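Contents: one structure, followed by commentary.
Please treat every number below as a calculation from the coordinates, not as lab data. Small disclaimer: the values here were computed from a predicted structure and weren't measured. Note that each Cβ is placed from the backbone with ideal geometry, even for glycine, and that neighbours are counted across all protein chains shown.
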Amino acid sequence: MKHKQRLSLLLAMMMLATFVLAACGNGDSSNSANGGKDGSGGSDTQQEEKLEPMTMTYYSADSNANWANMQDAVGKKLTEKTGITIQAEYAVDGSNQKLPLMVASGEYPDLVFAKGDANLFVDSGAFIDLTDLIEEHAPNIKKVYGDYMSRLKWSNEDEAIYVLPTLAAVDHQMLDAGGTFQIQHEVLKELGYPELKTVEDYEKALKDYSDKHPTIDGQPTIPLTLNADGWRIMISVTNPAFIATGASDDGEYYIDQETVEAKLHYKRPEEKEYFRWLNHMNATGLLDKETFVQKTDQYEAKISSGRVLGVIDQEWGFGNATNALRSAGKENRTYARFPIQLDESSKDATFQNAGYVAGWGVGITTSAKDPVRIIKFLDYLASEEGQVLMNWGIEGEHYDVVDGKRVIPEDVQERKTYDNANFTKETGIGLYNAMFPRYGDGVKDSTDNYYTTNFPETIIENYTPSAKETLKAYGVEMWKDLWPKQEEFEVKPWGVAYNIPVPSDSNINITYKKVEEITRKRIPEIILADPAKFDGLYDQFIKELNSAGAEKMEQEYTQLVRDRVKLWND
């Protein structure tokens with residue numbers, strides 16, 4: 001196995017040098033709803049001991065504005081239970097730019113979340129193989145991943161486990177829909193809750209209302225705006241092209257379910273027609289003229305004013321703005337969402353089952369002085385007690401147990417809903433989830449309570465009055481009920497293509513950077529162009545992609561997808 005002898009020797013030396021190694025969990029077993037005597041969850045297999053304090057360094061290529069150096073309630077409890085303090089650094093802009101520099105230096109923090117660039121650390125020998133550590137010291141990690149442990153293997157040629165997947169939660173059930181086509185409740189109510197299935201239906205609703213109401217609160221009405229600021233152009237402008245044409249999310253690629261062939265999704269004729277529709281929306285004055293020059297804060301400010309009738313975005317992409325609308329007494333100007341398609345020949349594949357997608361997560365580096373202590377810490381977080389603590393907080397402070405069920409008090413839920421950023425920073429609830437192995441929504445613990453606070457009853461309960469009114473008008477209880485169901489699609493045997501590791505010696509990443517630059521430049525130009533020039537510009541865009549090496553990149557990526565299918569399914 002790659003780096004096996006060197007890393008085994010390194011681990012042996014580290015373990016010999018370690019004189020205070022202990023379990024991180026609480027050995028007391030309980031059948032209460034919080035699963036443990038301290039109110040933070042259930043204990044598992046390890047006995048509680050006094051542990052020497054230890055600082056663990058961590059770097060994430062994601063940004064995290066709410067990190068408070070573990071001075072939040074959950075962070076303090078984690079340190080109390082494990083002796084571990086996390087010294088974390090997050091990428092300011094959520095980019096991977098620092099990672100190659102880190103690898104070049106040969107000096108690393110103990111743990112690294114590298115997003116899609118874990119290959120840099122694996123290929124340079126910077127990540128250690130976690131297989132034996134997990135087997136010997138991490139029963140809770142093994143329990144969380146369960147039958148999916150084989151999906152943690154790096155590749156067909158190297159079956160080591162270098163990364164513990166954390167971005168994807170295990171056995172996660174998509175309990176509600178968060179996007180993509182959003183429209184104000186007030187618009188729907190005034191128009192009598194019209195049928196919304198196609199972009200033509202959506203456009204008509206925006207136009208009919210804006211024609212009647214050219215201004216809102218004294219400001220010009222904006223029928224539709226998008227967020228094209230930096231990486232968000234994918235979420236609000238380009239990804240909706242495959243969503244609205246019946247493809248599921250595989251990042252920048254479309255994977256043919258039958259041939260398992262990868263190609264840039266922009267090359268699909270259906271997506272060309274989606275962009276033609278956006279071009280039409282611009283030409284008719286329904287698309288915000290500032291769409292491609294505004295920054296995210298300007299985008300949110302417009303939505304917060306209540307004068308934006310529609311956005312094409314995921315709910316999390318403008319959550320601050322909707323919270324501001326609620327606080328300003330404009331809850332009726334918040335948004336409903338629908339599985340809008342280009343036409344009725346396709347259906348939204350948001351709920352297509354990809355199985356457990358594994359992929360992006362944390363790796364322990366060769367710079368870690370005590371990998372055994374670190375894996376035991378991660379194992380505590382994977383325990384029932386750790387999971388409940390990270391998701392629910394502390395019993396008596398953030399939740400109560402009533403008739404055997406964990407219940408969030410109304411005042412806590414109100415803060416969580418309407419002041420989420422400050423709530424998260426203060427309590428730490430949900431803050432640590434993306435760092436470490438975890439169960440997803442819809443999974444229950446040994447007390448028959450959900451591990452997470454997001455389950456159907458709470459989702460329905462926390463809908464706003466306008467949302468409940470809109471849902472009732474369309475004859476459903478939840479937004480998810482409007483979407484095509486999971487059973488209507490075949491399972492994707494490759495999971496999701498965007499988290500397949502790309503070898504660092506491949507030209508895929510180099511070519512992709514060129515493709516990305518071309519796309520982010522040309523798509524706005526195409527949307528803003530005179531409709532008479534649309535076809536010529538779009539055809540030129542595809543030629544430019546191919547000239548940059550897209551076709552060879554697609555062939556290489558096809559092989560990676562097929563290798564993933566073989567690794568996971570043979």
- Item | Listed residues S506, T453, V496: farthest to the positive end of the dipole of segment 436-508 (Cβ charges) | S506
- Relative contact order as a percentage, the chain, C-alpha pairs under 8 Å and 6+ apart, gives 24 percent
- Item | chymotrypsin sites (Phe, Trp or Tyr not before Pro) within segment 219-260, DSSP loop, no more than 15 other Cβ atoms inside 10 Å | W231
- Message: Within 10 Å of each candidate Cβ there may be at most 11 other Cβ atoms; applying that plus a DSSP loop requirement, which trypsin sites (Lys or Arg not before Pro) in segment 133-197 survive?
- Response: none
- Item | Footprinting exposure proxy for H172, H213, H137 (fewest neighbouring C-beta atoms within 10 Å first) | H213, H172, H137
- Item | Within segment 95-203, GluC sites (Glu not before Pro) in DSSP loop having at most 11 other beta-carbon neighbours inside 10 Å | E107, E157, E195
- Ranked from fewest to most other Cβ atoms within 10 Å of their own Cβ, T259, T221, T470 fall in the order T259, T221, T470
- Note on the structure: If M102, M234, M390 are placed from fewest to most neighbouring beta carbons inside 10 Å, the sequence is M234, M102, M390
- Task: Round to a whole angstrom and tell me the spacing of the C-alpha centers of segment 510-568 and segment 365-387.
- Result: 41 Å
- Task: Put one equal scatterer on each alpha carbon of segment 150-261, apply the Debye formula with no solvent term, and list log10 I(q)/I(0) at q = 0.11, 0.15 1/Å to two decimals.
- Result: -0.60, -0.92
- Message: What whole-number distance in Å separates the alpha-carbon centres of segment 415-464 and segment 257-275?
- Response: 36 Å
- Query: Residue-wise, which Karplus ³J(HN,Hα) couplings in Hz belong to segment 238-245, taking 6.51 cos²θ - 1.76 cosθ + 1.60, θ = phi - 60°, and x for glycine or proline?
  - Reply: 8, 4, x, 5, 7, 5, 7, 10
- Query: Which of rounded, prolate, oblate describes segment 219-275, given a ≥ b ≥ c as roots of the alpha-carbon gyration tensor eigenvalues and a/c under 1.5 marking rounded, otherwise prolate only if a/b is larger than b/c?
  - Reply: prolate
- Which one of S346, M56, G218 has its Cα pushed farthest toward the positive end of the charge dipole of the chain, where Lys and Arg give +1 and Asp and Glu give -1 at the Cβ? G218
- Relative contact order of segment 396-454: what whole-number percent is it, with Cα pairs under 8 angstrom and at least 6 residues apart? 20 percent
- Item | K197/R326 FRET efficiency (R0 22 Å; Cβ-Cβ; nearest 0.05) | 0.20
- Nearest-20 debye value, the chain charge dipole, Cβ charges on Lys, Arg, Asp, Glu: 900 debye
